[in-house]
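Take a look at the structure set out below.
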Amino acid sequence: MRNLTRMMYVSRVSGGVGEDELKQILESARRKNKELKVTGVLCGGGGHFIQVLEGEQEDLFRLYGDILNDRRHYDSVLIGVAPIKQRLFGSWSMGYLSNPPEVMEVRRKELLAVWQGRSEAAELLTLVKRFLEQLGQGTA
Ligand SMILES: Cc1cc2nc3c(=O)[nH]c(=O)nc-3n(C[C@H](O)[C@H](O)[C@H](O)COP(=O)(O)O)c2cc1C
């Protein structure tokens, strides 16, 4: 695949979006991502989404356009986009990780600080890996 790319964004969950809507999001995401050979993970909790997407750059940008227009979330901030040699989520058309509100709050703040330049600019790969490790540990 040419121009294999990874991107990450944070957003806020719209009012009224619950388990049913989340199920629908994941169903359509998994179906479409398989077609597009897009992989990644969606993290949710405490009214926040954090998503990592991997795939061909043009497909990702087009998809992100659709995702931005999706009323089930808002306030999306693109944290980073980077070329990659290999995927971290090769076996996940779209994994879902549910996290406690306080964990999501802290991770979101850290990511926004990177985007705003208030934190040392980290390489996206490092950022995503650290993010996942911390989520795995479930520490706030
Ligand atoms: C937080 C969030 C994450 C999403 N992630 C994806 C995704 O990874 N892939 C995808 O195809 N759609 C995703 N969607 C859904 C898209 O916004 C859109 O509804 C979908 O691509 C439209 O699919 P359709 O072509 O079947 O109408 C996401 C929506 C939200 C709110």
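The values are calculated or read from the model by the stated rules, or taken from the named source; none is laboratory data. Values in this document were obtained by computation on a predicted structure and should not be read as measured data. Because the Cβ atoms are built from the backbone with ideal geometry, glycine has one as well, and the counts that use them run over all protein chains shown. Remember, those area values only see protein heavy atoms, side chains included, never the ligands or the DNA or RNA. Shrake-Rupley method; radii C 1.70, N 1.55, O 1.52, S 1.80 Å.
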(request) Considering (1) assigned to a strand (DSSP E or B); (2) touching a Ser or Thr at 6+ places or on another chain (Cβ under 7 Å); (3) not β-branched (V, I, T), say which one L97 fails and leave the rest. (result) (2)
(message) Pull out all pairs, ordered by first then second residue, where Cβ-Cβ is under 7 Å, the residues are six or more apart or on different chains, the first lies in segment 101-122 and is hydrophobic (A, V, I, L, M, F, W, C), and the second is in a loop (DSSP other than H, G, I, E, B).
(response) V103/G138; V103/A140; M104/G46; V106/A140; A113/S119; V114/A121; V114/A122
(request) Return yes or no: is M7 more than 10 Å from the ligand (Cβ to nearest atom), in a strand (DSSP E or B) and in contact (Cβ under 8 Å) with a residue 12 or more places away in the chain? (result) yes
(request) Could you figure out which of (1) within 10 Å of the ligand (Cβ to nearest atom); (2) of a type outside the set (K, R); (3) assigned to a helix (DSSP H, G or I) isn't true of E58? (result) (1)
(request) Please verify whether segment 39-48 includes one or more residues that are within 8 Å of the ligand (Cβ to nearest atom) and either open to solvent by 30 Å² or more (accessible area, probe 1.4 Å) or assigned to a helix (DSSP H, G or I) (or both). (result) no
(request) Examine segment 75-83 for a residue that is under 19 Å from R2 (Cα atoms), of a type outside the set (V, I, T) and either crowded, with 20+ Cβ neighbours inside 10 Å or in contact with a Gly (Cβ under 9 Å, 6 or more places away or on another chain) (or both), and state whether such a residue exists. (result) no
(message) Of the residues L88, L127, L53, only one is crowded, with 18+ Cβ neighbours inside 10 Å, outside any strand (DSSP E or B), touching a helix residue (DSSP H, G or I) at 6+ places or on another chain (Cβ under 7 Å) and of a type in the set (A, V, I, L, M); which?
(response) L127
(message) Suppose we keep only residues that are near the ligand (Cβ under 9 Å from one of its atoms) and in a strand (DSSP E or B) within segment 61-85. Which one would you say is farthest from K32 (Cα to Cα)?
(response) S76
(request) Can you give me the number of residues within segment 1-33 that are open to solvent by 70 Å² or more (accessible area, probe 1.4 Å) and of a type in the set (A, V, I, L, M, F, W, C)? (result) 1
